[in-house]
Structure formats: C-alpha cells, structure tokens
1. Residue by residue, what Karplus-based ³J(HN,Hα) values in Hz, rounded to whole numbers, does the stretch 160-171 have, using 6.51, -1.76 and 1.60 with θ = phi - 60° and x for Gly and Pro?
2. Can you tell me the relative contact order of the stretch 1-88? Whole percent, Cα pairs under 8 Å, sequence separation 6 or more.
3. Suppose a student asked you for the relative contact order of the chain, using Cα pairs under 8 Å spaced at least 6 residues apart; what percent would you report?
4. For the stretch 174-186, just list the computed ³J(HN,Hα) in residue order, Karplus coefficients 6.51, -1.76 and 1.60, θ = phi - 60°, integers in Hz, with x standing in for Gly and Pro.
5. Compute the helix-to-body angle for 119-132: its Cα long axis versus the longest principal axis of the chain, expressed 0 to 90° and rounded to tens.
6. In which sequence would Asp198, Asp42, Asp185, Asp31 go, from the one with the fewest C-beta neighbours within 10 Å to the one with the most?
7. Give me Met163, Met28, Met58 sorted ascending by neighbouring Cβ count inside 10 Å, so fewest comes first.
8. Show the residues, 5+ positions off or on another chain, whose built amide H is closer than 5 Å to the amide H of Lys160.
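What follows is calculated from the coordinates using simple rules that are stated; it is not laboratory data. Keep in mind the model is a prediction, meaning the values are calculated, not measured. All Cβ positions, even for glycine, are placed from backbone atoms using ideal geometry, and neighbour counts span all protein chains on display.
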Amino acid sequence: MKQYVVIGCGRFGTSVATTLYLLGHEVMTVDKNYDIVQGIADKVTHAVQADAIDENTMRSLGIRNFDVAVISIGADVQSSIMATLIAKELGVKHVLCKAQNELQAKVLYKIGADRVVFPERDMGVRVAHNLVSENVLDHIELDPNYSIVEIVTPSDWVGKSLMELDLRAKYGINVMAVKHNKDIDISPSPDAKFQNEDILVVIGENTKINKISAEDR
C-alpha cells in the first residue's frame, strides 16, 4: 500500500484522490478552500486545509514521507510550480503534475517533475479515437507513438487464437488481457480462442492499432 498526497482538489485532484483511496491506498489531500476540504474529508484518509506553497506548512504535514505527490493546481501556474519545487525539495520520491499546455509542462519538467499529465487534452484524444473507431472503447496514450487500447474483438478474429492470428507479426501489437463478460484473462494463452464480443486490451504503435480499426469497418 502506497501513500499519496494530492495537492489541489478541483475535479481532477478530487477524482484522483478518491479513486486512490477506493483502491486501498492512504491518501492525504491539501487544499486552501475550506468547503472543498470538508467535502472530501470522508472520502480520503486525511484532508487538510493549507497553503501548498508554504514550505514550512508542507514540511509540518510530513509530505516527505509520501511515495507520490500529485500536484493538480493546473490553473494557477505559479502555485503549481512552487508546489512542485517544494515537494521535490522536501524529498517526495515521485511527483506527478497536472498541466494545461506544453509550455507549462516544460517548466514543470525543468524543475523536477517526474511526470506531467494533460487531463483535458488526454480526454479529448480518447473521445476522438472513440468517435472515429466504433470498436475502440478506451484509449490511453503512452506517448505520441504508442497507446494502450480497449477494442471489441474484430469479427474476423472470432473463433481464432492468438497463435493463429499471429498479431505481433502482422500488426506489431501485444494482447495484454481479454475481457469476457465479467471475467478477465491476464496474459491469455496463445491457444485461447477469441469469442464474440470479447474485449481486448492491446498495446502497440498507434498506426498499427488504427490499421486494425480500419480493417474492421
């Protein structure tokens, strides 16, 4: 079980904090707004009203003991930068930051952020992929070239096995898991045959994954 501190509890921060808590982790949230802190208090381990850019306050909260800090002050660039600097200087092992644009991300990486995410942009990418390809259920971009995608099994794959389809050679993709109704098969056997309406979790190059979507139209 890891310990997380989420700084800034807007929609993104609240979603991250409450989900981590539901997954069984210890989560402390920090926000200046009293009403926000009260609203999330019973959904996380600890909720604290504090100014995240006050180094003494953050030190007193012991954030150096947390495994991961999530800085979700995306709108206030200066506060986001200061909170990231403080988290790194106080010794947080891994700092993930929310950014609104590439310039903000570049600055955050320069000052030590380990990872920067773009919630609004990433959601836009996922929606666009879902609109263009009816069999794409979800899309997570790992970088500009590679993604993890959930797809409905193409009709011409039904009744065939991984070994028969030889997807790695033909498409350069790997099937990480197969979902069938409520069951999920992690690292499926090469002999397992796909069934109608199976959901495949695949990883690979975006161009190769898009080729699958195009062929199944």
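1. Listing the rounded values in order: 10, 9, 4, 5, 5, 6, 6, 5, 5, 6, 7, 10 Hz.
2. Relative contact order of the stretch 1-88: 34 percent.
3. So the answer I get is 13 percent.
4. After applying 6.51 cos²θ - 1.76 cosθ + 1.60, I find 10, 8, 7, 7, 10, 9, 10, 6, 9, 8, 9, 10, 7 Hz.
5. So the helix axis and the longest Cα principal axis differ by about 20 degrees.
6. Final ranking by Cβ density, sparse to dense: Asp42, Asp185, Asp198, Asp31.
7. By the 10 Å Cβ count, ascending, the order reads Met163, Met28, Met58.
8. Phe194
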